[in-house]
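*Asks:* Submitted below is the structure of interest, expressed as structure tokens.
Read the figures in this text as sums done on the coordinates, not as results from a lab. Just so it is clear, the structure is predicted and the values come from calculations on it, not from any experiment. Ideal geometry is used to build each Cβ from the backbone, glycine not excepted, and the neighbour counts take in all protein chains shown.
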Amino acid sequence: MKRFIAILLTAYSLGLGGSALAEEKAAAPVAATTAPAAAPSAMSASPAEVAPAVAPLPSKGDTAWMTVATVLVILMTIPGLAMFYGGLVRAKNMLSVLMQVFVIFSLISVLWAIYGYTLAFGGGGSFYGGFDKLFLKGITVDSVAATFSKGVVISELTFIAFQATFAAITCALIVGAFAERMKFSAVLLFSVIWFTFAYLPMAHMVWYWDGPDAITDAASLEAVTASAGWLWAKGALDFAGGTVVHINAGVAGLVGAYLIGKRVGYGKESMAPHSLTTTMIGASLLWVGWFGFNAGSNLEATGTAALAFLNTLVATGAATLSWTLAEWMLKGKPSMLGSASGAVAGLVAITPACGFVGPMGAIVIGLVAGVLCLWGVNGLKRLLGADDALDVFGVHGVGGIVGAILTGVFVSPDLGGTGVYDYAANKVGEFSMGTQIVSQLWAVGTAVVWSGVVSFVAFKIVDVVIGLRVPEEEEREGLDITSHGETAYHH
């Protein structure tokens, strides 16, 4: 009897174990793989016993990571960018810059949900998406978006929120070029026009495609390429926004600086930053938030996200050092403003490359960007003759161009890069540096021309409708009081 009971207990425990294992397998998300499926063995189940394919579900880990990454990008905008810019202006204009960044972030976040997402990431043409997801129509908690791995998806709502922060910070970056002299209403109207006709098409051209699961062979790759954004189809690489964000915003800022004109007293009166302490804190928040910006652009918590994270760290450090040392040699003293600006230059330059290059390539990109952006805010700025108040073009425009072009160099597997993945062959494809650099130049040139034309037209429209600039007496008194009825300090 005892032996019989023992056999029953053993069988029962095995049954429970088998049931639990089956439940665990059913609950596990589908993993991404590029390896071929194993050949069926002699013990394979018959066709009638094979379970139907299960659609991939978002991983809780990826969802958690992307939520954190989205919060980090919000942090780098408000308060990061706002404090960085705020410290660079004169005390009488501190709140005006904070207000512009804060409200633009709010405005673009709402517009993104209404029509921005569908035009940037909806299917359609080579330059714009369609209106299928206007007002986020049809998107539910169960909707998913593709990643860069076959069989792996994330919640579409998470993707929408993440990309909204990119659009918002891009529009906010521009205000540094015409700080201290533009009407608040004009800033907002310009932001709406520029977001609609400059940011959305650039995002679609560079980032829109049907996703890796749509590519199974050469024919399907050709079909995906035909329906993708124009610059994606040309092979341009932009991991996190060198063209879409930084060149785009930098050119818009430069155009604005020309059309709005120089600040009253520019070149004659002191316009030194009123609080480098605030600027340093803002730069630090930008650096911290940029890890979400760059590593989050992988859309998954994988080794590529780790690569983007590390590259963002070392490239920024390298740019800080190169800017600081170059300034020390040229001016005799290293400055806090220079170090903070160097950090931002490094962040900008590594953005398009962060998931494609190795750490040593990232360091070289940072070293080059630090020196060239220092020239951008000094020598180039004098050559251009524009009052780009907070050096939006000198840092974001120049840094974005440097990073975009060098991405085509250091993505090479021979230089420690990842190469370019071939989704039809499920492996890294043959790499041609010359061909890739040409693709990068297409992206850079398109961003410069597109943003330049749209910005010029947008500023002209705003000037006709409500005027661009505050009266001279209001500019002299400061925008904090005259535009917002407040002051940043009471001493």
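*Asks:* Non-local amide H neighbours of Val428 (under 5 Å, H modeled in plane, Pro and chain starts lacking H): which ones?
*Replies:* Asp422
*Asks:* If packing is taken as the average number of other Cβ atoms within 10 Å across a peptide's residues, how do 185-196, 457-468, 294-305 rank, most packed first? Provide the component values of the computation, followed by the final result.
*Replies:* Working: 185-196: 20.1, 457-468: 16.3, 294-305: 22.3.
Highest to lowest by the protection proxy: 294-305, 185-196, 457-468.
*Asks:* While we're looking at this one, here's another question. Starting from the Cα of Val264, step 7 Å along the direction of its Cβ; do the same at Glu486; then give the gap between the two resulting points in nm.
*Replies:* Those two pseudo-labels are separated by 2.3 nm.
*Asks:* Follow-up. Among Cys171, Cys354, rank each residue by its count of other Cβ atoms within 10 Å, from fewest to most, as a rough exposure measure.
*Replies:* Cys171, Cys354
*Asks:* Same structure, new question: For the range 367-380, take each phi angle, set θ = phi - 60°, evaluate the Karplus expression 6.51 cos²θ - 1.76 cosθ + 1.60, and give the result in whole Hz per residue in order, putting x for glycine and proline.
*Replies:* Coupling constants for the range 367-380: 4, 5, 5, x, 6, 5, 6, 4, 5, x, 8, 10, x, 5 Hz.
*Asks:* Across the range 118-127, in residue order, what do the Karplus-derived ³J(HN,Hα) couplings come to in whole Hz, using 6.51 cos²θ - 1.76 cosθ + 1.60 with θ = phi - 60° and x for Gly and Pro?
*Replies:* Residue by residue, the range 118-127 yields 5, 6, 8, 10, x, x, x, x, 7, 10 Hz.
*Asks:* Then there is this: Ranking request for peptides 262-273, 438-449, 136-147, 311-322: highest mean number of other beta-carbon atoms within 10 Å first, then the rest in descending order. Display every interim value, and only then the final one.
*Replies:* Values: 262-273: 12.7, 438-449: 20.2, 136-147: 14.6, 311-322: 24.5.
Put in order of decreasing packing, that is 311-322, 438-449, 136-147, 262-273.
*Asks:* Would you please give the residues with an amide H less than 5 Å from that of Gly124, counting only those at least 5 places away or on a separate chain, with H modeled from the backbone geometry?
*Replies:* Gly130
*Asks:* Tell me the angle of helix 433-465 to the major Cα principal axis of the chain, expressed in degrees between 0 and 90 and rounded to the nearest ten.
*Replies:* Result, in degrees: 50.
*Asks:* In the structure shown, do any of Lys60/Lys137; Lys183/Lys262; Lys183/Lys268; Lys92/Lys268; Lys150/Lys234 have a Cα-Cα gap over 20 Å, and if so which?
*Replies:* On the way: Lys60/Lys137 24 Å; Lys183/Lys262 14 Å; Lys183/Lys268 23 Å; Lys92/Lys268 18 Å; Lys150/Lys234 22 Å.
Beyond 20 Å: Lys60/Lys137; Lys183/Lys268; Lys150/Lys234.
*Asks:* In µm²/s, what is D for the chain at 10 °C and 1.306 mPa s, where D = kT/(6 pi eta Rh) by Stokes-Einstein and Rh is the Kirkwood radius from Cα pairs?
*Replies:* Values: Rh = 24.0 Å.
Answer from the Stokes-Einstein relation: 66 µm²/s.
*Asks:* Still on this structure, please answer the following. Which order do peptides 428-437, 101-110 fall in by mean Cβ count within 10 Å, highest first? Intermediate values should be presented prior to the final figure.
*Replies:* Details: 428-437: 13.8, 101-110: 19.0.
The packing order, highest mean first, is 101-110, 428-437.
*Asks:* Straight-line reach from Lys331: which aspartates and glutamates have a Cα under 20 Å away, not including same-chain ones fewer than 8 places off?
*Replies:* Asp391
*Asks:* To continue, here is another question. Ignoring everything except DSSP H segments at least 4 long, calculate the 222 nm mean residue ellipticity for the chain; use -39,500 (n - 2.57) per segment, divide by total residues, nearest 500. Write down the numbers at each step before the final one.
*Replies:* Numbers: 20 runs with 282 residues, N = 491.
Computed mean residue ellipticity for the chain: -18500 deg cm²/dmol.
*Asks:* Then there's this: If each residue's Cβ is checked for other Cβ atoms within 10 Å, how do Val398, Val288 rank with the fewest at the top?
*Replies:* Numbers: Val398 26, Val288 13.
Ascending Cβ contact count within 10 Å gives the list Val288, Val398.
*Asks:* Please give the residues of the range 251-271, grouped as numeric ranges, whose backbone N is less than 18 Å from a label point set 7 Å along the Cα-to-Cβ vector of Lys460.
*Replies:* Under cut-off, by backbone N: 252-261.
*Asks:* Starting from the 7 Å offset along Cα-to-Cβ, what nm value, one decimal, do you get for the label separation of Lys137 and Met271?
*Replies:* It is 4.7 nm.
*Asks:* Read phi for every residue in the range 418-430 and hand back ³J(HN,Hα) as whole Hz from Karplus 6.51 cos²θ - 1.76 cosθ + 1.60, θ = phi - 60°, with x for Gly and Pro.
*Replies:* Coupling constants for the range 418-430: 7, x, 10, 6, 9, 6, 6, 8, 6, 6, 5, x, 5 Hz.
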